[in-house]
Amino acid sequence: MFTVEHEYDYTSIITLDEEGNFEDVEVFLDEEVVYLCQEIRDTEVRQVLELSYQQLTDIVASMNLPEGAYRGLVL
């Protein structure tokens, strides 16, 4: 399950692990950057990763590819 919310200057996507094994992951997208956030279980610490859209599209594209090094794939 996931939710999508469009705000004035960003979009928020929250994905829930339907089996309850992992904490929710929140994705913030604005015009220039992507943030992936997740709380560490049993703490109040929030992990935040900052990446570019190119890095995000590389991750999505890589999910169905064999091992190797790739450059400039377009989804």
**Request:** Name every residue in the range 44-75 that is closer than 20 Å to residue 15 by Cβ, exposed (fewer than 10 other Cβ atoms within 10 Å of the Cβ) and either touching a helix residue (DSSP H, G or I) at 6+ places or on another chain (Cβ under 7 Å) or not hydrophobic (A, V, I, L, M, F, W, C) (or both), in order of residue number.
**Result:** 64, 75
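Among what's in the range 11-32 and is closer than 26 Å to residue 72 by Cα and over 10 Å from the mean Cα position of the chain (by Cα), pick the residue that is most open to solvent (accessible area, probe 1.4 Å). Walk me through how you get there before you give the answer.
We begin by selecting, within the range 11-32, every residue closer than 26 Å to residue 72 by Cα; these are 11, 13, 27-32.
Then keep just the ones that are over 10 Å from the mean Cα position of the chain (by Cα); that gives 11, 30-32.
Working: 11: 30, 30: 55, 31: 172, 32: 156 Å².
Filtering first and then ranking leaves 31.
Determine whether the range 57-68 contains at least one residue that is of a type in the set (S, T, N, Q), within 12 Å of the chain's Cα centre (by Cα) and in a strand (DSSP E or B). Quick ask: steps written out before the conclusion?
Pass one, the range 57-68, residues of a type in the set (S, T, N, Q): 57, 62, 64.
Narrowing the set further to residues that are within 12 Å of the chain's Cα centre (by Cα) leaves 57.
With in a strand (DSSP E or B) added as a condition, the list becomes none.
No: zero hits.
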**Prompt:** What are the residues in the range 9-32 that are in a loop (DSSP other than H, G, I, E, B) and within 27 Å of residue 71 (Cβ to Cβ), if any?
**Reply:** 30, 31, 32
**Message:** So the check is Cβ under 8 Å with 6+ separation or different chains; which pairs have a first residue in the range 16-31 that's over 18 Å from residue 5 (Cα atoms) and a second one that's in a strand (DSSP E or B) and of a type in the set (D, E, K, R)?
**Reply:** 23/39
**Request:** Mind counting the residues in the range 43-57 that are at pLDDT 90 or above and either under 15 Å from residue 33 (Cβ atoms) or small (Gly, Ala, Ser) (or both)?
**Result:** 9
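If I ask for residues that are more than 12 Å from the chain's Cα centre (by Cα) and either free of Cβ contacts under 8 Å to residues at least 12 places away in the same chain or in a strand (DSSP E or B) (or both), which ones from the range 33-46 would you list?
39, 42, 43, 44, 45, 46
The values are calculated or read from the model by the stated rules, or taken from the named source; none is laboratory data. Just so it is clear, the model here is predicted, and its values are computed rather than measured. Cβ: placed from backbone, ideal geometry, glycine included. Neighbour counts: every protein chain shown. These area figures cover heavy atoms from the full protein model, side chains too; ligands, DNA and RNA do not enter into them. Shrake-Rupley method; radii C 1.70, N 1.55, O 1.52, S 1.80 Å.
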